[in-house]
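Have a look at the structure below before the remarks.
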Amino acid sequence: QVHLVESGGGLVQAGGSLRLSCAASGSISSLNVMGWHRQAPGKQRERVAFITRNGRTDYADSVKGRFTISRDNAKNTAYLQMNSLKPEDTAVYYCNLVLPGLELWGQGTLVTVSS
């Protein structure tokens with residue numbers, strides 16, 4: 001059984017940086033995509049970024065140029081480096097793993113950006 005464990009959320013001032021990590025435990029297929037989504041209070045969950053196993057990435061327009069997603073395949077871990085954070089980035093961030101026929105979610109980690 002595969003589990004996702006997230007870490008790295010917290011409180012930061014506007015303009016600051018945070019790095020989120022998402023570790024997938026258990027045996028996973030080599031055909032997978034890892035990503036980050038977020039959900040702000042009163043809003044729908046939105047995709048922030050994803051990365052394929054071979055390193056192809058995509059970002060939401062709202063975070064392009066500020067966030068960078070990466071992964072370490074040997075550790076089955078994905079990272080989200082968030083720079084130049086804004087108060088509107090405040091949300092619960094969820095890690096997401098897409099496998100053939102299966103999609104898994106982490107428990108979420110809260111990121112709060114103060115103005």
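Based on what the data block shows, is Arg45 touching an Asp or Glu at 6+ places or on another chain (Cβ under 7 Å) and closer than 19 Å to Thr112 by Cβ? Step through it out loud before you land on a result.
On the way: touching an Asp or Glu at 6+ places or on another chain (Cβ under 7 Å): no; closer than 19 Å to Thr112 by Cβ: yes.
When the stated conditions are applied, Arg45 does not pass them.
Inspect segment 67-77 for any residue being at pLDDT 95 or above and more than 23 Å from Ser17 (Cβ to Cβ) and give the result as yes or no.
Checked segment 67-77: no residue is at pLDDT 95 or above and more than 23 Å from Ser17 (Cβ to Cβ).
Take segment 55-77 and flag every residue that is among the polar types (S, T, N, Q), touching a Ser or Thr at 6+ places or on another chain (Cβ under 9 Å) and open to solvent by 40 Å² or more (accessible area, probe 1.4 Å).
Going through segment 55-77, the residues among the polar types (S, T, N, Q) turn out to be 57, 62, 68, 70, 73, 76-77.
Okay, now just the ones that are also touching a Ser or Thr at 6+ places or on another chain (Cβ under 9 Å), so 57, 68, 70, 73, 76-77.
The answer is Thr57, Thr68, Ser70, Asn73.
Thr52 versus (1) surrounded by 14 or more Cβ atoms within 10 Å (Cβ to Cβ); (2) under 11 Å from the mean Cα position of the chain (by Cα): which is the lone unmet condition?
Of the numbered conditions (1) surrounded by 14 or more Cβ atoms within 10 Å (Cβ to Cβ); (2) under 11 Å from the mean Cα position of the chain (by Cα), the odd one out for Thr52 is (2).
I need a count of the residues in segment 21-36 that are more than 15 Å from the chain's Cα centre (by Cα), part of a strand (DSSP E or B) and among the hydrophobic types (A, V, I, L, M, F, W, C).
Within segment 21-36, residues that are more than 15 Å from the chain's Cα centre (by Cα), part of a strand (DSSP E or B) and among the hydrophobic types (A, V, I, L, M, F, W, C) number 0.
Starting from segment 57-79, keep only residues that are more than 11 Å from Ala24 (Cβ to Cβ), then list their pairs with residues that are open to solvent by 30 Å² or more (accessible area, probe 1.4 Å) and assigned to a loop (DSSP other than H, G, I, E, B) whose Cβ atoms are within a distance under 6 Å, requiring at least 6 positions of separation or different chains.
Arg66/Asn83; Arg66/Ser84
Any residue in segment 31-42 that is over 20 Å from Ser115 (Cα atoms), among the charged types (D, E, K, R) and open to solvent by less than 40 Å² (accessible area, probe 1.4 Å)?
The first filter runs over segment 31-42 and keeps only residues over 20 Å from Ser115 (Cα atoms), leaving 31-37.
If we keep only those that are among the charged types (D, E, K, R) too, we end up with none.
No: segment 31-42 contains no residue that is over 20 Å from Ser115 (Cα atoms), among the charged types (D, E, K, R) and open to solvent by less than 40 Å² (accessible area, probe 1.4 Å).
Within segment 78-98, work out how many residues are open to solvent by less than 20 Å² (accessible area, probe 1.4 Å) and either touching a Ser or Thr at 6+ places or on another chain (Cβ under 6 Å) or of a type in the set (A, V, I, L, M, F, W, C) (or both).
Residues of segment 78-98 open to solvent by less than 20 Å² (accessible area, probe 1.4 Å): 78, 80, 82, 85, 89, 91, 93, 95-97.
From what is left, the residues that are either touching a Ser or Thr at 6+ places or on another chain (Cβ under 6 Å) or of a type in the set (A, V, I, L, M, F, W, C) (or both) are 78, 80, 82, 85, 91, 93, 95, 97.
Residues flagged as open to solvent by less than 20 Å² (accessible area, probe 1.4 Å) and either touching a Ser or Thr at 6+ places or on another chain (Cβ under 6 Å) or of a type in the set (A, V, I, L, M, F, W, C) (or both) within segment 78-98 amount to 8.
If a residue counts only when it is touching a strand residue (DSSP E or B) at 6+ places or on another chain (Cβ under 6 Å) and among the β-branched types (Val, Ile, Thr), which strands (runs of 3 or more DSSP E) contained entirely in segment 37-115 have at least 2 such residues?
The qualifying strands (runs of 3 or more DSSP E) are 46-52, 67-72, 91-99, 109-114.
The values are calculated or read from the model by the stated rules, or taken from the named source; none is laboratory data. Predicted model, so just to flag it, every value in this text is computed and none were measured. When we count neighbours, we look across all protein chains shown, and the Cβ atoms used for this are built from the backbone with ideal geometry, even at glycine. Keep in mind that these areas ignore ligands, DNA and RNA; they rest on the heavy atoms of the full protein, side chains included. Shrake-Rupley method; radii C 1.70, N 1.55, O 1.52, S 1.80 Å.
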